[in-house]
């Protein structure tokens, strides 16, 4: 099973406050471990399914789509944190936003790795031709490129180094989410219910931000 990238783990072990506060809530010291346990559950399920019933006639495509779907779901969950924290008693969810975002990038990275390694055998010419031939592939790759600096600068150290620029940089999550949803919508040729659900959910999440800013 793939190991999380080093800078993810470095960030995940950075916070060291006690496990449980007086109100019985989970403290950040335990959050990194729990976050990665939760984040790896879909991969465990994928392996179990492969060993049990297989992944169909095209297992590479099945794995690629599975990882892409989960990358998008983690990304939408990350965007859902801001409106969720406004609910009574839900301010604590903000602590999970960084981990959700890292999970989104981790699955997007695996999605891209399967595409490049298993589907194209790291053939640069073949990948480049595919990007030019199928624009939705370009959209997906562009979304990954936008998420890359967000993952790298997700640590507290980078927040301090970048200062006010950190928040502006991390607004790239919005175009990244738009590109990811467009990538999925364009890629699917038959049943559009899931891509439409993603598009509607993203529209609601971005619309909430516009309304909240207008009345701030």
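Order these by the 10 Å Cβ neighbour count, fewest first: 45, 74. Can you show the working numbers first?
Details: 45 12, 74 21.
Neighbour counts put them in this order, fewest first: 45, 74.
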The convex hull of the Cα atoms of the stretch 6-214, divided by residue count, gives a volume in Å³ per residue of 162 Å³
Between 0 and 90°, nearest 10: helix 135-152 axis offset from the chain longest Cα axis
30 degrees
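What is the fewest-to-most order of 213, 65 by other Cβ atoms lying within 10 Å of their Cβ? Please report the intermediate quantities before stating the final value.
Working: 213 8, 65 16.
Ordered by Cβ neighbours within 10 Å, fewest first: 213, 65.
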Pairwise label distance in nanometres, residue 214 with residue 113, each label 7 Å out on the Cα-Cβ vector
4.3 nm
Hey, what angle do you get for helix 31-52 against the long axis of the chain, alpha-carbon based, 0 to 90 degrees rounded to 10?
20 degrees
For the chain, calculate the relative contact order in percent as a whole number, restricting contacts to Cα pairs under 8 Å that are 6 or more residues apart.
18 percent
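Helix-only mean residue ellipticity at 222 nm, the chain, DSSP H runs n ≥ 4 weighted -39,500 (n - 2.57), per residue, nearest 500. What is it?
On the way: 10 runs with 151 residues, N = 216.
The helix contribution divided over the chain gives -23000 deg cm²/dmol.
Based only on other Cβ atoms within 10 Å, what is the fewest-to-most ordering of 66, 50, 106?
Numbers: 66 20, 50 13, 106 23.
So the ranking, lowest neighbour count to highest, is 50, 66, 106.
Can you compute the FRET efficiency between residue 121 and residue 190 using 1/(1 + (r/R0)^6), with r the Cβ-Cβ distance and R0 = 30 Å? Round to the nearest 0.05. Spell out each step's value before the answer.
Details: r = 28 Å, r/R0 = 0.92.
Once rounded, the FRET efficiency stands at 0.60.
Values in this text are rule-based calculations from the coordinates and carry no lab data. Since this is a predicted model, take the numbers as computed values, not measurements. FYI the Cβ positions are ideal-geometry reconstructions off the backbone, even for glycines, and counts take in every protein chain you see.
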